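A short worksheet on the structure shown next.
The values are calculated or read from the model by the stated rules, or taken from the named source; none is laboratory data. Keep in mind it's a predicted model, so treat the numbers as computed, not measured. Virtual Cβ from ideal backbone geometry, glycine too; neighbours counted across all protein chains shown. For accessibility, only protein heavy atoms count, side chains too; no ligands or nucleic acids. Shrake-Rupley method; radii C 1.70, N 1.55, O 1.52, S 1.80 Å.
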Amino acid sequence: MFYPFYRKFIGLLLMLVFTGGLYSQKLRYTHADSLRGGIGKSRIWWDLKHYDLHVAFNYADSSISGKNSIRYKVLEADQIMQIDLMEPMRLDSVVQDGKTCTFSKDGNAYFVQLSNAQHKEAIKTLITYFHGKPHVAKQPPWDGGLIWTKDARQRPWISIACQGMASSVWFPSKDHQYDEVDSCSLHFTVPSDLVAVSNGRMRGIDQISNGKAVYHWEVKNPINNYNIIPYIGYYANFKDTVQGEGGVLQLDYWVLQENVELAKKQFAQVKPMLRCFEYWFGKYPFYEDGYKLVEAPYLGMEHQSAIAYGNKFKNGYLGTDLSLTGWGLKWDFIIVHESGHEWFGNNITVKDVADNWVHEGFTAYSECLFTQYLFGKKAASDYVIGTRIGVQNDEPIIADYNVNRDGSSDMYYKAANMLHGIRQIVNNDSLWRVMLRGLNSDFWHQTVSSRQVEDYMMKFLKLDLQKVFDQYLRTKQIPVLEYKLKENTFSFRWTNCVKHFDMPLKLEFADRDYWINPTEKWQKVELTSADFKIDPDFFVRTKKVN
Ligand SMILES: [Zn+2]
């Protein structure tokens, strides 16, 4: 996902109007929020293994129908299973071992009464039949749903964007990020003049009656709920390969027929980008499924092994630079940002969207690392510092848990600047790199919490960064260094910060650096000169007091 900064601005404006500026509003959550965001009794006892998903798309009336065979492992014996499917879609019937199961409906959740005993460790399959006219996205990908549209030549173009809403907007599924499906087989029935592209590798095309065709795709790696996506349209395909850390990686590009030449030119930046990301994060996490860019009827999204590309073959963010430094115009924002998610978001996925900064913060930082790869460290610093312009400080980055709510859009560039500050404290790029690679290999294909990532970084870097994480992730405050300077006597302390905030800071003199360890208590040091500046790589404010 990317950066809906103006949406938050409007939200902030409204909040200022209604609350008179004090962000003390306690958010109220509904029963539906808990059903959707919590790991309830009817979810926790079974482990999702595989989806065998068959869906027919009817462009004429914007409807879909199909079946999803859900294979799972019984972790603890239980007889009631929560299956998620959002209105106005309809769950028609559910079958297990040839028997029809009864179910009750509670908003967008169905509770299936399983008739056969569920023995611990057993592998079972539940077949769900469904149909309906799924919710249509109004402004994809910022709001989710189906996209039934036309391309520039007025030909049908269909896809889905559903981060936040996720898979239950269109098919019956276990719609929570904590439990990823380990693999899936996808079978999309479309009019035979259209092409259906999806995640993983194509396994074949069947031409069937009534001028329809079925496209079969297979995903061999765990994939999160909002990343299983079809793209249906007048596509052309071209392929390439790159030699990577995991061997030869297949590169697969699907764009509208008239855009092939444009794409061949613009997508040339994919290979250096993948080399850069493998250098910093370790091998690409999905060699079995390949790497894919698919032209989409919306700006972009990190759909695993089928990245949505809608940046109109321009560099920058639709031709603009979010950092206002010029560096952001040197590469294609959507290619780079969404590909960074293959590591942070898809390889490492957070259990609860409240921790989405792990996806967006590290991925926003991957933009900085690619800038460094192309133009060096100074350019990278200028880029990440430039992106502070979009930071809102409107609410904490980490949101409330178990209610399917993510926090401030500061999960992008404020979190990226926090990481950049920590990198300065580490002050050892080879250690920093090994830590980033370690995250990806030790949390390989797993779902995690923010705490797990924080603890991993502190243990690996042998640094107590808890106050730094609490400051930047759990408050909306930017720490302020208050200081006094009398000749060479420098007094300083932290304010506007969490209790016991203790982030070290670097002072830059012409000929050397000097580290200070401010706390909330005033401290004093004798400097060799009064001519220094605070390292701008730290995202802090300063305030001179007398
Ligand atoms: Zn993103």
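Is at least one residue of the stretch 263-275 out of contact with any Pro (no Cβ under 9 Å at 6 or more places or on another chain), at pLDDT 95 or above, assigned by TED's automatic domain parsing to the domain that holds V197 and open to solvent by 10 Å² or more (accessible area, probe 1.4 Å)?
no
Looking only at the stretch 324-339, which residues are in contact with a helix residue (DSSP H, G or I) (Cβ under 7 Å, 6 or more places away or on another chain) and open to solvent by 10 Å² or more (accessible area, probe 1.4 Å)?
L324, T325, W327, K330
Are any residues in the stretch 281-290 in a loop (DSSP other than H, G, I, E, B) and touching a helix residue (DSSP H, G or I) at 6+ places or on another chain (Cβ under 8 Å), and if so, which ones? Walk me through it before giving the result.
Filtering the stretch 281-290 down to residues in a loop (DSSP other than H, G, I, E, B) leaves 282-290.
Once the filter is applied, which keeps residues that are in a loop (DSSP other than H, G, I, E, B) and touching a helix residue (DSSP H, G or I) at 6+ places or on another chain (Cβ under 8 Å), the stretch 281-290 yields G282, Y284, P285.
If I ask for residues that are open to solvent by less than 20 Å² (accessible area, probe 1.4 Å) and acidic (D, E), which ones from the stretch 442-461 would you list?
E454
Filter the stretch 174-197 down to the residues that are closer than 11 Å to N224 by Cβ and either without any contact (Cβ under 8 Å) to a residue 12 or more places away in the chain or in contact with a Phe, Trp or Tyr (Cβ under 7 Å, 6 or more places away or on another chain) (or both) and list them by number.
Within the stretch 174-197, V181 is the sole residue that qualifies.
Just checking: which of the strands (runs of 3 or more DSSP E) contained wholly in the stretch 217-280 hold 3 or more residues that are over 17 Å from F313 (Cβ atoms)?
Numbers: elements: 231-233, 235-244, 247-256.
Output list reads 235-244, 247-256.
So D106 passes all but one of these: (1) in contact with a strand residue (DSSP E or B) (Cβ under 6 Å, 6 or more places away or on another chain); (2) more than 30 Å from A308 (Cα to Cα). Which condition number does it fail?
Here D106 meets the rest and fails (1).
Across the stretch 338-358, what is the total count of residues that are over 18 Å from L439 (Cβ atoms) and within 11 Å of the ligand (Cβ to nearest atom)?
Residues that pass the stated criteria total 1.
Being away from the ligand (no atom under 14 Å from the Cβ), part of a loop (DSSP other than H, G, I, E, B) and aliphatic (A, V, I, L, M) is the filter here, so list the residues in the stretch 300-337 that pass it.
A306, L318, L324
From A56, A32, grab the single residue that is over 29 Å from A196 (Cα atoms) and at pLDDT 95 or above.
Going through A56, A32 in turn, just one is over 29 Å from A196 (Cα atoms) and at pLDDT 95 or above: A32.
Looking at this structure, is S209 touching a strand residue (DSSP E or B) at 6+ places or on another chain (Cβ under 7 Å) and among the polar types (S, T, N, Q)?
no
Taking only pairs six or more apart or across chains, which ones have beta-carbon atoms under 6 Å, a first residue in the stretch 310-334 that is touching a residue at least 12 places away in the same chain (Cβ under 8 Å), and a second residue that is open to solvent by less than 40 Å² (accessible area, probe 1.4 Å) and among the β-branched types (V, I, T)?
What qualifies is N311/I334; L322/T387; S323/T387; W327/T371.
Among the candidates L439, L374, single out the residue that is crowded, with 18+ Cβ neighbours inside 10 Å and among the aliphatic types (A, V, I, L, M).
Numbers: L374 fails: crowded, with 18+ Cβ neighbours inside 10 Å.
Every option except L439 fails the conditions.
Mind checking which residues of the stretch 406-425 are among the basic types (K, R) and in contact with a Lys or Arg (Cβ under 9 Å, 6 or more places away or on another chain)?
Hit for the stretch 406-425 is K414, nothing else.
I'd like to check something: does the stretch 150-170 contain any residue that is assigned to a strand (DSSP E or B) and surrounded by fewer than 19 Cβ atoms within 10 Å (Cβ to Cβ)?
Checking the stretch 150-170: at least one residue is assigned to a strand (DSSP E or B) and surrounded by fewer than 19 Cβ atoms within 10 Å (Cβ to Cβ).
Wholly within the stretch 367-484, which helices (runs of 4 or more DSSP H) include no fewer than the required count, namely at least 3 residues that are within 16 Å of the ligand (Cβ to nearest atom)?
Output list reads 413-426.
Looking only at the stretch 188-202, count every residue that is within 16 Å of F286 (Cβ to Cβ) and open to solvent by 30 Å² or more (accessible area, probe 1.4 Å) and tell me the total.
Count: 2.
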